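Since the structure comes first, as structure tokens, the remarks are kept for the end.
The values are calculated or read from the model by the stated rules, or taken from the named source; none is laboratory data. This one's a predicted model, so the numbers in the text were calculated from it and none came from an experiment. Using ideal geometry, Cβ is built from the backbone for each residue, glycine included, and neighbour counts are taken over all protein chains shown.
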């Protein structure tokens with residue numbers, strides 16, 4: 001009973017330190033709790049899990065400080081404690097790849113993909129490593145699989161890499177694919193969502209800036225261009241808004257919302273014939289669309 005109480009005390013201390021970001025202290029407390037727990041008990045497995053999590057956090061801190069070798073040691077400890085976490089294998093693979101240990105990195109990626117076959121980022125890094133070693137076609141196949149699993153990787157960088165490969169510019173391909181690996185797709189989604197929230201809150205200038213930040217990375221995103229157009233139109237920048245709507249339509253000619261918005265912007269600019277054309281195109285795509293029909297009828301009545 002005394003050992004259980006000590007184990008519980010050290011475990012709680014470890015959790016408190018962990019929540020405060022004091023990972024060295026947390027690791028010490030968790031290690032003491034593990035030593036006090038019965039081997040192979042549910043309690044020991046729980047503590048082992050938290051030890052692995054703590055090593056993962058320490059690895060992140062080491063990487064931020066440029067201590068790659070220490071980060072590798074912590075990640076190996078984390079993997080040993082939690083071997084069924086694909087992200088830990090991926091992080092270890094990244095470090096090994098940076099050290100030039102390609103075979104070891106691929107082994108870790110295989111471990112990650114064995115746990116989660118839909119781990120797009122792991123397929124992407126696997127493709128880059130294969131391409132770097134001269135397995136160009138196989139490497140691009142892995143990259144294509146990553147893009148299929150995670151469409152947010154389908155950005156101009158990827159298209160440029162494919163074009164460079166067709167011209168046998170292999171060094172350029174590697175650089176572009178490395179840029180693709182470094183792309184923070186979660187940040188893209190965050191900024192898109194942020195832009196929409198700012199727009200709905202009436203901060204049109206802030207919304208436009210968030211959408212522009214997304215387009216700086218992913219310029220072929222019709223939805224973002226449409227939202228940027230809305231933010232610009234709300235700020236009475238009708239010419240710039242119309243440009244964004246037309247660029248969205250270049251990407252997706254049947255984008256009904258962009259067609260209606262292009263018609264609205266054209267009206268505000270006095271381009272009435274163009275506005276009629278956009279509304280008619282919207283109705284050709286979506287015949288029962290009430291907004292397009294209403295706007296077209298209203299425009300025609302105002303001209304009679």
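Listed by position, the helices (runs of 4 or more DSSP H) inside region 214-304 whose residues that are modelled with pLDDT of 90 or more number at least 1 are 222-234, 238-251, 256-268, 272-285.
Being more than 29 Å from residue 116 (Cβ to Cβ) and either under 23 Å from the mean Cα position of the chain (by Cα) or free of Cβ contacts under 8 Å to residues at least 60 places away in the same chain (or both) narrows it down to one residue among 9, 63; which is it?
Sole residue among the options that is more than 29 Å from residue 116 (Cβ to Cβ) and either under 23 Å from the mean Cα position of the chain (by Cα) or free of Cβ contacts under 8 Å to residues at least 60 places away in the same chain (or both): 9.
Anything in region 72-100 that is under 26 Å from residue 27 (Cβ atoms) and not in a helix (DSSP H, G or I)? List them, or say none. Selection gives 82, 83, 84, 85, 99.
Are there any pairs with C-beta distances below 9 angstrom linking a residue in region 282-304 that is at negative phi to a residue that is surrounded by 11 or more Cβ atoms within 10 Å (Cβ to Cβ) and at pLDDT below 85, with the two at least 6 apart or on different chains, and if so which? So the pair list comes out as 282/289; 283/289. Please pick out the residue among 131, 158, 142 that is part of a helix (DSSP H, G or I) and either within 19 Å of residue 219 (Cα to Cα) or at pLDDT below 90 (or both). One residue alone meets the criteria, 158.
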